[in-house]
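Read-outs throughout are calculated quantities, based only on the coordinates presented, and are distinct from any laboratory measurement. Quick caveat, the model's predicted, so the values are computed rather than measured. Positions of Cβ are backbone-derived with ideal geometry, glycine not excepted, and every protein chain shown enters the neighbour counts.
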Amino acid sequence: MKFSAMLLAAVANAAPHYTFPHIQGTADWQSVRITANHYSNGPVTDVTSDAIRCYQLTPGGGGSTSTSAVKAGGSVTWSANPNIYHPGALSAYMAKVPEGQTLAGWDGSGAVWFKVYQDMPTIAGSQMSWPSQNKASVSFTVPSCIENGDYLFRIEHVALHSASKAGGAQFYISCAQISVTGGSGAKKPTDLVSFPGAYKATDPGIMLNIYANAGKPYTPAGPAVFTC
């Protein structure tokens, strides 16, 4: 009986947390690098740690992770498990594998990441609310003007319900391996950032009180969204 009570308590505590285990057309952790929270669902809270990049269970490359074909201008749909429970900002980044390296062996380090999506909250009075909350899946468009090739596609949801102090924001992150075809290659991504390095714990988009912000607009962390 005591064990059952402890188990139920653990499940209850983990319930508000979540992962992003697969993209559309694949099984869990097939084209998505398995994350350190794939059982616990717990978040990253230290923006200076390597975990802020892809939250990988095994450091380094993708190992046996497969690669999914995606067309430039098409969409990548992520599934959340169980859903995006908390209020907070949803974003997506991509990074092209450098010359001379392979997607399976690359860890995504360096100033290589460009942002391809950022959502924004609605503000009512002094409170913020986000369109991604409680969704079980979210979709992003791959820029049509980028080069063909292998990329990491990084989804990030930063839960802001406890973000009124430094270290209170919770990051839920996954990286998928994709191969982009049909891109025009007409434009190089700009505002490249590294993870860690892109964020500080005190950035206004990471440390704030979303329930009493005095009606101030939200300032997202990280770079501007790259557009074609």
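Inter-label distance, ASP107 to CYS145: 3.3 nm, where each label sits 7 Å from its Cα along the C-beta direction. With neighbour counts taken as other beta-carbon atoms within 10 Å, the residues PHE226, PHE153 rank, fewest first, as PHE226, PHE153. Calculated FRET efficiency, SER126 to ASP46, Cβ-Cβ distance, R0 = 41 Å: about 0.90 to the nearest 0.05.
Taking every DSSP bridge with both residues inside the chain, close to 90 percent are antiparallel.
Within a straight-line Cα-Cα reach of under 14 Å, LYS115 can be paired with the following aspartates and glutamates, leaving aside sequence neighbours fewer than 8 residues apart in one chain: GLU156, ASP191. If you take all other residues with their beta carbon under 15 Å from the beta carbon of PRO143, and give Lys and Arg +1 and Asp and Glu -1, the sum is +4. Put the Cα centre of region 85-100 next to the Cα centre of region 46-63 and the gap is 13 Å.
So, counting K/R as plus one and D/E as minus one, what does the shell of residues with Cβ under 15 Å around GLN177 add up to?
Summing Lys/Arg as +1 and Asp/Glu as -1 gives +1.
Over the residues of the chain, the helix contribution to mean residue ellipticity at 222 nm works out to -2000 deg cm²/dmol, using -39500 (n - 2.57) for each DSSP H run of at least 4. Cα extents for region 117-181 along the principal axes, largest to smallest and rounded to whole angstrom: 44, 25, 21. With label points built 7 Å along Cα→Cβ from the Cα atoms of ALA186 and VAL225, find their separation and express it in nm. That separation, rounded to one decimal, is 1.9 nm. Taking a Cβ cut-off of under 14 Å around GLY108, the surrounding Lys, Arg, Asp and Glu residues balance to a net charge of 0, with basic ones at +1 and acidic ones at -1.
Simple spin-label estimate for LEU57 and ALA36 gives 1.4 nm between the two label positions (7 Å along the Cα-to-Cβ direction from each Cα).
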